[in-house]
Each structure stands twice: as structure tokens, then as C-alpha cells.
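Notes for the one structure printed next.
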Amino acid sequence: MFGDMMGMLGKLKETQEKVKATKERMNTVILEEQSPDSLLKISITANRTIKSITIDDSLLEDKDQLEDYLILTLNKAIEKATTINETELAAVAKEGMPNIPGMDSFLK
């Protein structure tokens, strides 16, 4: 039993290291999102850090329209980044989980 506990602790530490590495890697995953007419473009990391925003000059003439574009496009970019981030981290965490009967159905 003690050996099993030490093995589980070792697996937990390994999983924590993999999660940390995955979080760091997510900083290098760049996603692009744009408005339907491509007047606004956003680059964001999978860790949800905005890297760049490109605004077409025509949007600078209408403050309300620009604000709407920013909200819609940023929300789409953040949603996409969140999905990738959560999927990657969940895969690493599940990989490091000890084999507990019935846990597979719980994690799905």
C-alpha cells in the first residue's frame, strides 16, 4: 500500500509538471480571429493574452461600430482560446489521474 501511495504521489508530481509545461506552451499557441468583414483582426494566445489588434481605418470613423466589433470579435477569440486551453489541460490532467474504477465515466 505504501508503495502504491508513493507511486501515486510521483504520478501527481509528474502531472503537475506536465500541466505547468502545457500552460507555458499555450503561450506560444497563437489564434487569429476576425470580424466577418475582416475589418478587425485579433491575435490571442491559448492562455487568453491578446497579442495584437488590427483595426481597419474605416472603423475609426464610427466609435459605436468599433466598440461593437471589438466586443464581438474579442469574445469569439477568448471563447476559442478558452476551448483550446481547457481541452489541452484536461487531457494532461486525465492522463495523470490514478486508475480509479468508475472515474472514467465521471470525467466524461
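The values are calculated or read from the model by the stated rules, or taken from the named source; none is laboratory data. Fair warning: this is a prediction, and the values are worked out from it, not measured in the lab. A quick note on method: Cβ atoms are made from the backbone with ideal geometry, for glycine too, and the neighbour counts reach across all protein chains shown.
All of Leu31, Leu40, Leu9 fail the test of being at pLDDT below 95 and more than 14 Å from Val92 (Cβ to Cβ), apart from Leu9.
Comparison of Thr22, Thr54, Thr82, Thr73 shows that the only residue that is surrounded by 11 or more Cβ atoms within 10 Å (Cβ to Cβ), modelled with pLDDT of 95 or more and under 12 Å from the mean Cα position of the chain (by Cα) is Thr82. When Gln65 is tested against the conditions (1) over 18 Å from Glu86 (Cα atoms); (2) surrounded by 16 or more Cβ atoms within 10 Å (Cβ to Cβ), the lone failure is (2). Within region 16-40, the residues that satisfy the criterion of being touching an Asp or Glu at 6+ places or on another chain (Cβ under 7 Å) and in contact (Cβ under 8 Å) with a residue 60 or more places away in the chain are Thr22, Met26. So is Leu74 closer than 26 Å to Asn85 by Cα and of a type in the set (A, V, I, L, M) or not? In short, yes.
Within region 51-96, the residues that satisfy the criterion of being of a type in the set (Gly, Ala, Ser) and in contact with a Ser or Thr (Cβ under 6 Å, 6 or more places away or on another chain) are Ser52, Gly96.
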